[in-house]
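Reading through the structure tokens given below for one structure.
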Amino acid sequence: ADDFLQSPASVKPVFNEKGPYMYRRNVVRVNPQLDGDLVTFKSYNQWSFDESMSTGAETDMLTKIDLGYLAVTTSTGGEMNFVDSLLTSLMALRGQAFDASLVPNVAKMNVMKLINGINSWDPATMLASVAELAPILSPETDPLTYIAQLSAKTFDGFYYNGVFIRRTVKQWFLGQPSFIAGLAIGSQYPSCVAPIPEAGGMSLLDICESCTGAACHQYWSECSTCRRAKTITASSDALCDQLEAELTASLGEQQAGMVVGATCRLCATQSLFCIAQLPGEVEGSGLDYNVVPVDESTLNAYTIDQGCSDVSMYGRSVMRSNRTATALWMELAEGQDMPSVFDLMSFGRKSWCDSDVQDGV
């Protein structure tokens, strides 16, 4: 990966097959409620590594493409826009406005590299990156002047690249920790819980949890973001504890405390540098519930028919993952075999399961 990053035009990446790795799943059902033949519950998974069925350890390191980095930089319109939004949030904490035109692009690129360094999960690189970025939040530093000075510095090497990352087998399978995704989504949590005067003082999250049917359409994008921000914020402290324990083993207690103090410990108070768990290969929530406390409010609900009155109904799902119906395409335009990108975007915004069929979806 290092050679490929240095000369992508002339060096082909080398792929090495590893595995298989085996995990066993235990499904935990929470707060079951009986109503005649129906049982409603919430559930989550607990995973255990089966070493006897695997050809390596779950601590093996794998290098793969960082889909979280690609998703965030693509959705924000590129690395420069992502850095601008981050610096705007950081400056707001100082009570100052951020003028993107005053910061050279070279400095912004170095800020992005330092964020990649923090996201690398490599202890030495995280410590070095935090030491460079922490002064931005210091009241004794002029942030714009300091950021501009980053233009004269060089941050090279694998851990600053962003495109590729190294994680353990366990992290790839159960959930990939990501500061970049946490910065992009977790930082929006304050706006999700802020009262909206036009909505009678309700917050976006209040609206998302109370609206039904067509009334939800206009908030579809905001609700999706706010629910993810809520989950990220709720789980970040436990993930930060886990990171601090890992860093302490490598860096010592003092330096580990410096890294988490300048990053994930800011999540609860400032909604900055939250740790987001991206979905793993086997665990869709991205959370290892052997480590992270279970927050029942973030779990999906299910209702299943037990077939007591009619055995043919046994196991039928009445509600699955909070949904009581599946949205399906009704028809496409004449001569159209596949939906267009516009169709898919429209479908995503209107496919609420409890709403009437509209606009051909």
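The values are calculated or read from the model by the stated rules, or taken from the named source; none is laboratory data. Note that the coordinates shown come from a computational prediction; the quantities given were computed from them, not determined experimentally. Neighbour counts are summed over all protein chains in view; Cβ atoms, including those assigned to glycine, are modelled from backbone coordinates with ideal geometry. In case anyone asks, the SASA skips ligands and DNA or RNA and just uses the protein heavy atoms, side chains included. Shrake-Rupley method; radii C 1.70, N 1.55, O 1.52, S 1.80 Å.
Yes/no matrix, rows are residues, columns are (1) of a type in the set (S, T, N, Q); (2) under 20 Å from the mean Cα position of the chain (by Cα); (3) within 29 Å of residue 13 (Cα to Cα):
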| position | (1), (2), (3) |
| --- | --- |
| 65 | no, yes, yes |
| 76 | yes, yes, yes |
| 82 | no, yes, yes |
| 130 | no, no, no |
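For residue 48, indicate whether it is farther than 16 Å from residue 168 by Cβ and of a type in the set (Ser, Thr, Tyr). Spell out the reasoning first.
Working: farther than 16 Å from residue 168 by Cβ: no; of a type in the set (Ser, Thr, Tyr): yes.
No, not satisfied.
Can you tell me which residue within the range 20-39, out of those that are out of contact with any strand residue (DSSP E or B) (no Cβ under 7 Å at 6 or more places or on another chain) and loosely packed, with under 12 Cβ neighbours inside 10 Å, is farthest from residue 59 (Cα to Cα)?
The initial filter retains those residues of the range 20-39 that are out of contact with any strand residue (DSSP E or B) (no Cβ under 7 Å at 6 or more places or on another chain), namely 20-22, 34-36.
Going one step further and asking which of them are loosely packed, with under 12 Cβ neighbours inside 10 Å, we end up with 20, 34-36.
Working: 20: 14, 34: 42, 35: 45, 36: 47 Å.
Out of the qualifying residues, it is 36.
Being buried (at least 20 other Cβ atoms within 10 Å of the Cβ) and part of a loop (DSSP other than H, G, I, E, B), is that true of even one residue in the range 177-187? Give the derivation first.
Step one: of the range 177-187, the residues buried (at least 20 other Cβ atoms within 10 Å of the Cβ) are 177-187.
Narrowing further to those that are part of a loop (DSSP other than H, G, I, E, B): 187.
Yes, the conditions are met somewhere in the range 177-187.
Limited to the range 137-162, what total is found for residues that are without any contact (Cβ under 8 Å) to a residue 12 or more places away in the chain and either open to solvent by less than 10 Å² (accessible area, probe 1.4 Å) or assigned to a helix (DSSP H, G or I) (or both)?
Number satisfying all stated conditions: 3.
If only one of 59, 55 is under 27 Å from the mean Cα position of the chain (by Cα), over 30 Å from residue 321 (Cβ atoms), loosely packed, with under 12 Cβ neighbours inside 10 Å and touching a residue at least 12 places away in the same chain (Cβ under 8 Å), which one is it? Spell out the reasoning first.
Values: 55 fails: under 27 Å from the mean Cα position of the chain (by Cα).
Going through 59, 55 in turn, just one is under 27 Å from the mean Cα position of the chain (by Cα), over 30 Å from residue 321 (Cβ atoms), loosely packed, with under 12 Cβ neighbours inside 10 Å and touching a residue at least 12 places away in the same chain (Cβ under 8 Å): 59.
So for the range 226-242 (the condition being in a loop (DSSP other than H, G, I, E, B) and either open to solvent by 30 Å² or more (accessible area, probe 1.4 Å) or at positive phi (or both)), does at least one residue qualify?
We begin by selecting, within the range 226-242, every residue in a loop (DSSP other than H, G, I, E, B); these are none.
No, the range 226-242 has no match at all.
Just one of 282, 292 is closer than 30 Å to residue 111 by Cβ and touching a residue at least 24 places away in the same chain (Cβ under 8 Å); which is it? I'd like the intermediate steps shown before the answer.
Details: 282 fails: closer than 30 Å to residue 111 by Cβ.
Answer to the check: 292.
Which residues, counting only those in the range 105-136, are within 17 Å of residue 84 (Cβ to Cβ), of a type in the set (A, V, I, L, M) and open to solvent by 40 Å² or more (accessible area, probe 1.4 Å)?
Step one: list which residues in the range 105-136 are within 17 Å of residue 84 (Cβ to Cβ), which gives 105-116, 133, 136.
Now restrict to residues that are of a type in the set (A, V, I, L, M): 106-107, 109, 111-112, 114-115, 133, 136.
Selection gives 106, 109.
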